[in-house]
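Beneath this line is the structure, given in structure tokens, with notes to follow.
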Amino acid sequence: MNLSRFRQLTEAYGADFFRWPEEYRASARAFAAEHDVTDLLEETHQFDALLMSAARFSPTQALTETIIRKGEQQFAWRRRWRRWWIGMGVLAVGLAGGLSGAVAVAVITPQQGLYGEDPVTAFGIVQNDAAGETP
């Protein structure tokens, strides 16, 4: 650990090493023992004390209710939009399936009169089993 890294960690986590991540505590204590960082630690400790002395305000009941109401409205709006888009997706898939089915029938269906009088389907000529006829 060097002085700039020690300064970064001190500014981020404060002067008390117990607030630091576990992986940096031992090296920070060793660095502080080997180097003169008392001024830096004292300055950071004063800033920590200033932050701790700041008054903590609890939100009013009206603010809490407003936040909850806005959150519920936002959630309901998102849910409506999600349902709308899902419906549009299902509709699009249905239209695409119908269109592809129509194109397939148009391509596969044989032309009228191509086979004469024989009954023809997309799968071939239909045989009349009752009459015993073969094509």
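Just a few scattered comments:
- For region 1-110, the percent of C-alpha pairs falling in each 10 Å distance bin, counted from 0 to the bin holding the largest distance, reads 11, 20, 10, 12, 14, 12, 9, 7, 3, 0.
- Residue order, fewest to most surrounding Cβ atoms within 10 angstrom, among MET1, MET52: MET52, MET1
- Order of ASP36, ASP48 under a 10 Å beta carbon neighbour criterion, fewest first: ASP36, ASP48
- Charge dipole of region 3-53 about the Cα centre (unit charges at C-beta), most positive-ward option of MET52, LEU9, VAL37: LEU9
- All other residues whose Cβ lies under 14 angstrom from that of ARG78 are scored, Lys and Arg at +1 and Asp and Glu at -1, for a net of +4.
- Cα-based equivalent ellipsoid, region 3-53: semi-axes from gyration tensor eigenvalues, Å: 17, 13, 9
No value in this document is a laboratory result; all are computed from the given coordinates. All figures in this text were calculated on a predicted structure; none of them were measured in a lab. Note that we place each Cβ from the backbone using ideal geometry, even for glycine, and neighbour counts take in every protein chain shown.
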